[in-house]
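*Asks:* This is the structure I have questions about; it appears just below.
The values are calculated or read from the model by the stated rules, or taken from the named source; none is laboratory data. On a predicted model such as this, the values are computed, not experimentally measured, just so you know. Neighbour counts are summed over all protein chains in view; Cβ atoms, including those assigned to glycine, are modelled from backbone coordinates with ideal geometry.
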Amino acid sequence: MKHSPRRTSRALIALGCVFGLVAASCGSDDDAGGDPPETAAEQVEETPAEEPAEEPPAETDEPAEESAEEPAEETDEPAPSGEATGEPIKIGVQNPEGDPNGSFPEASLGIQAAADYVNAELGGIGGRPIEIELCKSVISPDDSQRCANELAASEVEMVISTINFFGNFYEIFKGSDIPVIVTTPVTIADFTTEGAFAIGSGCLGAHTGLVEFATNQIEEFEDITVERVGIPWADTPPGVVCYNDLEAKPVDVINGTEPGDSVRAGERPDLTYIGVPVAPASADLTPQATEVLAFDPDVIIFSAQGADCWNLVDAMGRIGWSPEETPMVMSGSCIDFDAMRAAGPLAEGLYMIGNVGGVLANPEGLEGDHLENVLTYREKAPQYGMSEADMNKGFGAAGFAAVMNIWEIANGIDGDVDGQAIADAFAATDGSASTFGGAPLNCSAAPTPYVAVCAAEVSIERWDGEQLVNVIPSLSGIDLVAGTELRPG
């Protein structure tokens, strides 16, 4: 195990804080068959859209129609050829907003921006304009079900669930034959429910990816040997599951204390870890930071809502930690460019779990569909109402990508396009087609018992102080849970 003099000093500081907390305080302180569907970039290139009207499209009821009413001789640009004029397709969105225990308004803003773009320029979904029915929820089981009942009653054809801490709404939607697209799956129900499609890597891909990278590939990047892993974890209902089933269990597979079929099973009998729960929206994370650092980890992994990620980074920094001392790997839920810039040296060098083909990637060096998707996102998201701050958050990008994926899937459907036809097309995906903002979807090969999982590959990005730089294009840790029993907590 590699230790530097600075790390030894840091460990002593952390231990001092443990004793100091007893007496007073150590410191003070958030796819079906046929030709591949045409991509958004290809369609826009063939039929350029006109410049946006003075009023932003996202702020009007019918942005495309207002533009179309302008006489052609009054503009140098061609009129949009992709205006959707058919019967609307109503898509429900269930998203937590306004609760300090979990609030992701950027996700619904990304969904609406993409819907407005698809309606105005890409012909809607099979010619049908998208109508978004948003239900905002707080973090409670009852409110999760309230939203599901309201959306089912409003006769939506399908639902996008951004992130749900309870997974208790599926029976409501199944009772109304409403398919569910999950952008950030975090509960056992998200992974195991028939008729649900977890198109984001979510908890399964991200957390097993964290463990895989932190106990394997990072050693070459950082010139270290990893024997001790610090695992602060989000003390929320999904956080409990993600930690126990997808972080602690994979580490136990690697050290041989948990039976499994992974090729890495029993590879490192000396690998140990500490799990430290982190309550959401905690004002002061000094005790948790101190406990993690007192373990003297070789690497730290963490996944939580954005504010909690950066509160923990700040707390660890105040008691002597830096990424140079102990590398840290964080999930995509922590990505917030403003917060990362504000953290300065404490964020520089941090590793982040990203999406394969993610739209928050630096376009330099990219090519093909990935480059076109990144450029599309950078142009169309702000054009249709997203602020730069919301664009640069993982949930904002995931929301935009979800609608673009639905649009791409619908392009491959022969016949009428409705919610069930889209769900059937998702179920048939086989990993052969590229995906907007994520890994190619392969819902048809979802592994038992994770039958709803359509994508588990992730990328590894590194923050250089201004942008994320890709260091590993594609990685998967799902093998680490192969042949294991579910360990929900």
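Rundown of residues vs (1) surrounded by fewer than 17 Cβ atoms within 10 Å (Cβ to Cβ); (2) at pLDDT 95 or above, yes/no style:
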site	(1), (2)
Q217	yes, yes
V229	no, yes
W233	no, yes
P237	no, no
V241	no, no
P250	no, yes
G256	yes, yes
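*Asks:* Now a separate question. Quick check, is G344 in the same structural domain as S322 (by TED's automatic domain parsing), in a helix (DSSP H, G or I) and surrounded by fewer than 24 Cβ atoms within 10 Å (Cβ to Cβ)? Quick ask: steps written out before the conclusion?
*Replies:* Details: in the same structural domain as S322 (by TED's automatic domain parsing): yes; in a helix (DSSP H, G or I): yes; surrounded by fewer than 24 Cβ atoms within 10 Å (Cβ to Cβ): yes.
Here the answer is yes, as G344 does meet what is asked.
*Asks:* Of all residues in segment 156-178, which are touching an Asp or Glu at 6+ places or on another chain (Cβ under 6 Å) and under 11 Å from A423 (Cβ atoms)? Step through it out loud before you land on a result.
*Replies:* Applying the first criterion (touching an Asp or Glu at 6+ places or on another chain (Cβ under 6 Å)) to segment 156-178 yields 156-157, 167.
Once the filter is applied, which keeps residues that are touching an Asp or Glu at 6+ places or on another chain (Cβ under 6 Å) and under 11 Å from A423 (Cβ atoms), segment 156-178 yields only E157.
*Asks:* Could you check, for segment 366-388, whether at least one of its residues is assigned by TED's automatic domain parsing to the domain that holds P88 and in contact with a Leu (Cβ under 6 Å, 6 or more places away or on another chain)? Please lay out each step first, then the result.
*Replies:* Restricting attention to segment 366-388, the residues satisfying the condition of being assigned by TED's automatic domain parsing to the domain that holds P88 are none.
Among the residues of segment 366-388, not one is assigned by TED's automatic domain parsing to the domain that holds P88 and in contact with a Leu (Cβ under 6 Å, 6 or more places away or on another chain), which makes the answer no.
*Asks:* Hey, can you tell me all the residues within segment 397-444 that are out of contact with any Asp or Glu (no Cβ under 7 Å at 6 or more places or on another chain), among the small types (G, A, S) and over 25 Å from G368 (Cα atoms)?
*Replies:* Residues satisfying the conditions are G415, A421, A423, A427.
*Asks:* Another question, if that's okay. If you check P363 against the conditions, is it part of a helix (DSSP H, G or I) and outside the structural domain of S108 (by TED's automatic domain parsing)?
*Replies:* So P363 fails the test.
*Asks:* Would you tally the residues in segment 289-311 being aliphatic (A, V, I, L, M) and out of contact with any helix residue (DSSP H, G or I) (no Cβ under 6 Å at 6 or more places or on another chain)? Walk me through how you get there before you give the answer.
*Replies:* Taking segment 289-311 first, the residues aliphatic (A, V, I, L, M) are 289, 292-294, 299-301, 304, 307.
Then drop every residue that is not out of contact with any helix residue (DSSP H, G or I) (no Cβ under 6 Å at 6 or more places or on another chain), which leaves 292, 300, 304, 307.
Qualifying residue count, segment 289-311: 4.
*Asks:* Got a sec? Which of A398, A425, A381, A389 is assigned to a helix (DSSP H, G or I), of a type in the set (G, A, S) and surrounded by fewer than 18 Cβ atoms within 10 Å (Cβ to Cβ)?
*Replies:* That would be A389, the only listed residue that is assigned to a helix (DSSP H, G or I), of a type in the set (G, A, S) and surrounded by fewer than 18 Cβ atoms within 10 Å (Cβ to Cβ).
*Asks:* Yes or no: G110 on the phi > 0 side of the Ramachandran plot, buried (at least 17 other Cβ atoms within 10 Å of the Cβ) and at pLDDT 95 or above?
*Replies:* So G110 does not fit the description; no.
*Asks:* Exactly one condition in (1) surrounded by fewer than 22 Cβ atoms within 10 Å (Cβ to Cβ); (2) in contact with a Lys or Arg (Cβ under 6 Å, 6 or more places away or on another chain); (3) aromatic (F, W, Y) is not met by Y117; state its number.
*Replies:* (1)
*Asks:* On to the next question. Looking at L151, L210, which one is buried (at least 24 other Cβ atoms within 10 Å of the Cβ), at negative phi, aliphatic (A, V, I, L, M) and not assigned by TED's automatic domain parsing to the domain that holds G110?
*Replies:* L210
*Asks:* A follow-up question, please. Identify all residues within segment 171-186 that are more than 24 Å from E87 (Cβ to Cβ) and either surrounded by fewer than 24 Cβ atoms within 10 Å (Cβ to Cβ) or of a type in the set (D, E, K, R) (or both); write none if there are none.
*Replies:* E171, I172, K174, G175
*Asks:* Which strands (runs of 3 or more DSSP E) sit wholly inside segment 112-212 and have at least 1 residues that are within 30 Å of Y273 (Cβ to Cβ)? Full working, then the answer.
*Replies:* Numbers: elements: 130-137, 158-161, 180-182, 196-198.
Those strands (runs of 3 or more DSSP E) span 180-182, 196-198.
*Asks:* Something else about it: Scan segment 366-378 for residues that are under 26 Å from P105 (Cα atoms) and either of a type outside the set (D, E, K, R) or not in a helix (DSSP H, G or I) (or both) and report the count.
*Replies:* Adding up the residues that qualify gives 6.
*Asks:* Tell me which residues, restricted to segment 90-101, are surrounded by fewer than 24 Cβ atoms within 10 Å (Cβ to Cβ) and either more than 30 Å from P237 (Cα to Cα) or not polar (S, T, N, Q) (or both).
*Replies:* Once the filter is applied, which keeps residues that are surrounded by fewer than 24 Cβ atoms within 10 Å (Cβ to Cβ) and either more than 30 Å from P237 (Cα to Cα) or not polar (S, T, N, Q) (or both), segment 90-101 yields K90, E97, G98, D99, P100.
*Asks:* Taking segment 270-306 only, how many residues are more than 30 Å from E106 (Cβ to Cβ), under 27 Å from the mean Cα position of the chain (by Cα) and acidic (D, E)?
*Replies:* The qualifying residues number 1.
*Asks:* Here are some conditions: (1) more than 27 Å from L360 (Cα to Cα); (2) polar (S, T, N, Q); (3) surrounded by fewer than 21 Cβ atoms within 10 Å (Cβ to Cβ). T290 meets all but one. Which one does it not meet?
*Replies:* In the conditions (1) more than 27 Å from L360 (Cα to Cα); (2) polar (S, T, N, Q); (3) surrounded by fewer than 21 Cβ atoms within 10 Å (Cβ to Cβ), T290 misses (3) alone.
*Asks:* The conditions are (1) within 23 Å of R128 (Cα to Cα); (2) surrounded by 24 or more Cβ atoms within 10 Å (Cβ to Cβ), and N411 fails exactly one of them. Which is it?
*Replies:* Of everything listed in (1) within 23 Å of R128 (Cα to Cα); (2) surrounded by 24 or more Cβ atoms within 10 Å (Cβ to Cβ), N411 misses just condition (2).
*Asks:* Answer yes or no: is there a residue in segment 391-404 that is out of contact with any strand residue (DSSP E or B) (no Cβ under 8 Å at 6 or more places or on another chain) and either of a type in the set (K, R) or closer than 20 Å to T192 by Cα (or both).
*Replies:* Within segment 391-404, not a single residue is out of contact with any strand residue (DSSP E or B) (no Cβ under 8 Å at 6 or more places or on another chain) and either of a type in the set (K, R) or closer than 20 Å to T192 by Cα (or both).
*Asks:* Scanning segment 432-452 for residues that are modelled with pLDDT of 90 or more and of a type in the set (S, T, Y), which turns out nearest to the chain's Cα centre (by Cα)?
*Replies:* T435
*Asks:* Would you check which residues across segment 120-145 are under 24 Å from the mean Cα position of the chain (by Cα) and not aliphatic (A, V, I, L, M) and list them?
*Replies:* E131, E133, C135, K136, S137, S140, P141, D143, S144, Q145
*Asks:* Please specify each residue of segment 445-468 satisfying the condition of being of a type outside the set (A, V, I, L, M, F, W, C) and either touching a Gly at 6+ places or on another chain (Cβ under 6 Å) or in a loop (DSSP other than H, G, I, E, B) (or both). Explain how you work it out, then say what you get.
*Replies:* First, pick out the residues of segment 445-468 that are of a type outside the set (A, V, I, L, M, F, W, C): 447-450, 457, 459, 461-462, 464-467.
Within segment 445-468, P447, T448, P449, Y450, E457, S459, E461, D464, G465, E466, Q467 meet the criteria.
*Asks:* Return the residue satisfying two criteria in turn: it lies in segment 278-307 and is part of a helix (DSSP H, G or I) and closer than 22 Å to F213 by Cα, and of such residues it is modelled with the lowest pLDDT.
*Replies:* Checked segment 278-307; the qualifying residue modelled with the lowest pLDDT is G306.
*Asks:* Given the residues F191, F213, which is the only one that is at pLDDT below 95, of a type in the set (F, W, Y) and within 21 Å of V251 (Cβ to Cβ)?
*Replies:* Details: F213 fails: at pLDDT below 95.
Exactly one residue qualifies, and that residue is F191.
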